[in-house]
Structure formats: C-alpha cells, structure tokens
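The values are calculated or read from the model by the stated rules, or taken from the named source; none is laboratory data. Just so it is clear, the structure is predicted and the values come from calculations on it, not from any experiment. Cβ: placed from backbone, ideal geometry, glycine included. Neighbour counts: every protein chain shown. Just so you know, the surface numbers come from the protein's heavy atoms only, side chains and all, with ligands and any DNA or RNA stripped out. Shrake-Rupley method; radii C 1.70, N 1.55, O 1.52, S 1.80 Å.
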Amino acid sequence: MQRRSERQRNASRLWREHCRAPFPAGLRGTVLGGTDLVLLDADVAGCVSTWLGDRGTLDPGRTRILRRCVKELDRVLPELTGSAEIRYYGRLRRLALLVLTAAEDVTGGTPGVLREGDGTR
C-alpha cells in the first residue's frame with residue numbers, strides 16, 4: 001500500500017507541475033509521424049486525471065490508450081528540438097509511465113515492456 005500511495009503522491013506532484021506548464025505554442029497543430037501532439041497531450045491528460053480521480057485505478061480501455069500514448073511519445077520525443085518542447089513531452093511521458101506502471105501493477109500487467117529509454121536527451 002505504501003508503494004501505491006507513494007506513486008500517487010509522485011503522480012499528483014508531476015501532474016500539478018504539468019498542468020502549470022504552458023503548452024509549447026510552436027506545437028499547436030503539429031503532427032509528427034502521424035501523431036497529433038495536442039491530442040496526444042489530451043489523451044494522456046484524460047487517463048492521468050481519471051487515474052488520480054479514481055484513487056489509483058484505471059479501466060482496461062484507458063490502460064490501452066495510455067500504453068499507445070507511451071509508444072507515440074517514444075516516437076515523437078526524438079523529433080522535438082526546443083528545450084521547452086522536450087521538457088514538456090518528457091514530463092508527459094514520465095507521468096504516463098508512472099500511471100501505466102501503477103495501473104498494470106494493480107491489474108497484473110507487464111509494465112516493464114515500455115521502459116526502454118527515458119524519453120529525454
């Protein structure tokens with residue numbers, strides 16, 4: 001239980017930090033490798049918000065969405081060039097992985113599959 005509550009505290013802190021950060025203006029309307037960056041941000045935000053609101057649980061549909069988002073983040077992060085862009089989406093990836101790992105721990109999934117690289121430069 002302590003590990004779970006620690007993850008929730010870490011995710012809450014990271015979520016507050018993410019919510020305070022402005023979306024990188026140069027990325028509005030940007031599609032990289034077939035991924036719309038605004039929608040990617042919104043998808044992760046919806047899953048994280050739900051996980052936090054449901055006290056650390058995430059339904060299978062949102063878990064699949066979050067898994068897809070992490071893969072998309074892994075694809076787009078190397079394409080970003082601005083430091084604010086990299087910081088914003090790197091934090092989003094860390095947040096997504098934190099929630100995904102916690103959600104899959106609860107459901108018996110295999111969170112380690114997505115931990116290749118840290119999404120930063």
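In this structure the stretch 1-96 gives 55 Å² per residue of accessible area when probed at 1.4 Å with all protein chains present.
Calculated over the stretch 1-103, the projected area of the Cα convex hull averaged across directions stands at 6.1 nm². Counting only heavy atoms of the protein chains and using a 1.4 Å probe, residue 5 has close to 40 Å² of accessible surface.
Go ahead and run the numbers for FRET between residue 83 and residue 10, Cβ-Cβ distance against an R0 of 25 Å, rounding to 0.05.
Computed FRET efficiency for residue 83 and residue 10 comes out at 0.60.
Taking R0 as 25 Å, what's the FRET efficiency between residue 49 and residue 3 from their Cβ-Cβ distance, rounded to 0.05? Here the calculated transfer efficiency is 0.70. Under 13 Å from a label point set 7 Å out along the Cα-to-Cβ vector of residue 105, the amide N atoms of the stretch 37-74 belong to 56-57.
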